[in-house]
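The values are calculated or read from the model by the stated rules, or taken from the named source; none is laboratory data. Being a predicted model, the structure only gives us computed values, none of them experimental. Neighbour counts are summed over all protein chains in view; Cβ atoms, including those assigned to glycine, are modelled from backbone coordinates with ideal geometry. Side chains are part of the model used for accessible areas, which takes the heavy atoms of the whole protein and leaves out ligands, DNA and RNA. Shrake-Rupley method; radii C 1.70, N 1.55, O 1.52, S 1.80 Å.
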Amino acid sequence: QVQLVESGGTLVQPGGSLRLSCAASGFTLDYYAIGWFRQAPGKEREGVSCISSSGGTKSYADSVKGRFRISRDKNTAYLQMNSLKPEDTAVYYCAAAIGYFGLGPGYDYWGQGTQVTVSS
């Protein structure tokens, strides 16, 4: 079964940090670009960050530049989130794609999401 599973989401105070993980099963991520997305209640899904299959190219949404960092190894992708703000509160999803790179919807596989809540 091809599957992506996110983990690491929790309640965190403003200014805090979290590291999200995205683990693949049923396939290897070696040839896939990986994207991180988020969706807050009542808002559209937003592309947060993406990384190429080789890890050599990375992209970030303006809203998270300088605060978030994406990385990967062979079977897991990560999103390091620093200086978190209440507006970062959302369900965070990872996605994988072959032959696609970007913050749009062109991904082949999606995880179930992990909740990140930034609040005092």
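Points to keep in mind about this one:
- Residues of segment 105-120 satisfying the condition of being of a type in the set (A, V, I, L, M) and part of a loop (DSSP other than H, G, I, E, B): none
- Considering Val91, Val48, Val64, the condition of being in contact with a Gly (Cβ under 7 Å, 6 or more places away or on another chain), among the β-branched types (Val, Ile, Thr) and modelled with pLDDT of 95 or more is satisfied by Val91 alone.
- Top-ranked residue in segment 72-92 [being outside any loop (DSSP other than H, G, I, E, B) and polar (S, T, N, Q); ranked as nearest to Gln3 (Cα to Cα)]: Thr76
- The residues on offer are Tyr78, Tyr100, Tyr109, and the sole one that is of a type in the set (Phe, Trp, Tyr) and under 28 Å from Gly15 (Cβ atoms) is Tyr78.
- Taking the criterion of being without any contact (Cβ under 8 Å) to a residue 40 or more places away in the chain, in a loop (DSSP other than H, G, I, E, B) and within 18 Å of Leu29 (Cα to Cα), the residues of segment 54-71 that qualify are Ser54, Gly55, Gly56.
- Filtered residue count, segment 10-38, keeping only those that are assigned to a strand (DSSP E or B), open to solvent by 50 Å² or more (accessible area, probe 1.4 Å) and under 17 Å from Ser119 (Cβ atoms): 1
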